[in-house]
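Chemist: Structure provided below as structure tokens; questions to follow.
The values are calculated or read from the model by the stated rules, or taken from the named source; none is laboratory data. Quick caveat: nothing in here was measured; it's all calculated off a predicted structure. Virtual Cβ from ideal backbone geometry, glycine too; neighbours counted across all protein chains shown. These accessible areas exclude ligands, DNA and RNA; they are computed on the full protein's heavy atoms, side chains included. Shrake-Rupley method; radii C 1.70, N 1.55, O 1.52, S 1.80 Å.
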Amino acid sequence: MSHLIDRRIQGKNKSAINRKRFLQRHKAQIKEAVDRAVKSRSITDIENGEHISIPIKDTNEPSFGHAVGGVREQVFPGNSEYLKGDQVQRPSGGGGGGGGDKAGNDEQTSEDDFAFELTREEFLNYVFEDLELPNMVKTQLTVTPTFKHQRAGYNMSGTTSNIHVLRSVRGALGRRIAMGGGARKRLIAAEQELANLLQSAKENDPRVVKLRAEIHHLRARLSAIPFIDPFDLRYTNRIKVPKPSSQAVMFCILDVSGSMDETKKEIAKRFFVLLYMFLTRAYDKIEVVFIRHHTSATEVDEQEFFTSRESGGTVVSSALHLLMNVMQERYPAGDWNSYVAQASDGDNWENDSPVCRQLMVDSIMRAVQYYAYVEITEGEPQNLWQEYQKIHEHHSHFAMQKITSLADIYPVFRELFKKQPK
């Protein structure tokens, strides 16, 4: 019998390739399991991994088996029907039927599920699969490279205008010290030796003549070392560093008026948490602007947007006016892909809803790539919904959905941001 020993050096994730193949092969079943898990868990808890179960019949692998064949002898205990040498028909189907079909059928109906853990990254990949920001037509969401020149050390070649004098002189000084150090020490010693020798010897003494010749040679050697050599020249090195600029912005508008009770605010916050996770995960270069409003609107940071508990009346147009001002000042329509997601219960000051529709038609819808409105209410649509419905009839890049409970958040989110057919 032969034995195969795998001596390849593998890291702690040596089964990562097999796991990737498994996820690809059973992608449809895992996607269904993830969708079920998302509906049953909290949106704020969606970043964690998930314990996934898929039917074991879907994980069957092809296998090779050996059928009964050839000439063989077999003894059946208690056999009173056949004798040695009798020929028996081979069973159809390639095998005997030890337990009958009933046992096999029972086994198939009682198959267990195959359970395994999805990591956080794998789980979120399935959650946000097939989602995108629609209508990306003006500019590309990818980074537009702009460059700035930045110092990056020194080069040994370059233009004359880029010579770094101090660095070049410092290098030349070091070179002269290194090349003439030994000769300079010997010259000092020879001059001292000659001075001592002249006190007792004459000028024509062979030792004096030899020392004078050596001193002359050492001085000539030191003077031959150039003050600066082309090797010493150093040039300032400047490189072009990419300076990324974001080209897409998402405006999140949240109604915090008194008509939005805690349940509705919680649903709205969970919707925006899901949206924020999708944006920051799918797009590295995107800006998010948070706007809260009741009778007046304010731009806030992420922390205040999700945690503040202020409330008041409802004037939705205040948020739209602030949206227009921010877009004009910081995000011009010609340079940015602008997206808006608005969540409200639709209960607005009656005279303000027509104003909102007019602002949307005259200005906002011309400047944005996509506008998503989510109304959180269990009853009949409010006056804001009715006005927005008129916008939806004439603008294909305006979408509106209704959420009545926590279970509607994820399906509505996928419907609003699903990939458009090319």
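Chemist: Write down the percent of antiparallel bridges among all DSSP beta bridges whose residues are both part of the range 285-422, to the nearest 5.
Modeler: The answer is about 25 percent antiparallel.
Chemist: Does the range 263-375 come out rounded, prolate or oblate by the C-alpha gyration tensor, with a ≥ b ≥ c the root eigenvalues, rounded set by a/c under 1.5 and, if not, prolate when a/b is larger than b/c and oblate if not?
Modeler: Because a/c hits 1.5 or more and a/b fails to exceed b/c, the range 263-375 counts as oblate.
Chemist: Further question on the same structure: May I ask you to give the solvent-accessible area per residue for the range 232-376, in square angstrom, as obtained with a 1.4 angstrom probe?
Modeler: Per-residue value: 39 Å².
Chemist: Within 10 Å, count the other beta carbons around each residue, average over each peptide in 272-279, 323-330, and list them highest first.
Modeler: So the order, starting with the most tightly packed, is 272-279, 323-330.
Chemist: From the protein chains alone at 1.4 Å, what is the descending order of accessible area for Glu375, Glu122, Glu299, largest first?
Modeler: Largest to smallest exposure gives the sequence Glu299, Glu122, Glu375.
Chemist: Also: Could you check the simple spin-label distance between Lys27 and Asn162, using points 7 Å along Cα→Cβ, in nm with one decimal?
Modeler: Those two pseudo-labels are separated by 4.7 nm.
Chemist: Now, a different point. Of Lys148/Lys285; Lys269/Lys390; Lys31/Lys265; Lys240/Lys419; Lys27/Lys264, which pairs sit farther than 25 Å apart, going by alpha carbon to alpha carbon?
Modeler: Listed pairs above 25 Å: Lys269/Lys390; Lys31/Lys265; Lys240/Lys419; Lys27/Lys264.
Chemist: Just order 290-297, 314-321, 190-197 by mean Cβ neighbour count inside 10 Å, highest at the front, would you?
Modeler: 314-321, 290-297, 190-197
Chemist: If you don't mind, there's one more thing I want to ask. Can you figure out the FRET efficiency of Asn204 with Met179, using R₀ = 35 Å and their beta-carbon distance, to the nearest 0.05?
Modeler: FRET efficiency, Asn204 to Met179: 0.55.
Chemist: Something else about it: Please give, to one decimal in nm, the separation of the simple spin-label points placed at Ala213 and Ser296, each 7 Å out from Cα toward the Cβ.
Modeler: 10.1 nm
Chemist: Where does each of 223-232, 23-32 land if you order them by average Cβ count within 10 Å, highest first?
Modeler: Most protected by this proxy first, the peptides run 23-32, 223-232.
Chemist: Using a probe of 1.4 angstrom, how much of the accessible area of the range 277-402 is carbon and sulfur, in percent?
Modeler: Exposed carbon and sulfur together represent 43 percent of the surface.
Chemist: Follow-up question, since we're still on this one. Expressed in nm to one decimal, what extension gain is obtained for the pair Ser396 and Lys419 from 0.36 nm per residue of sequence separation less their Cα-Cα distance?
Modeler: Fully extending the segment from Ser396 to Lys419 adds 6.8 nm.
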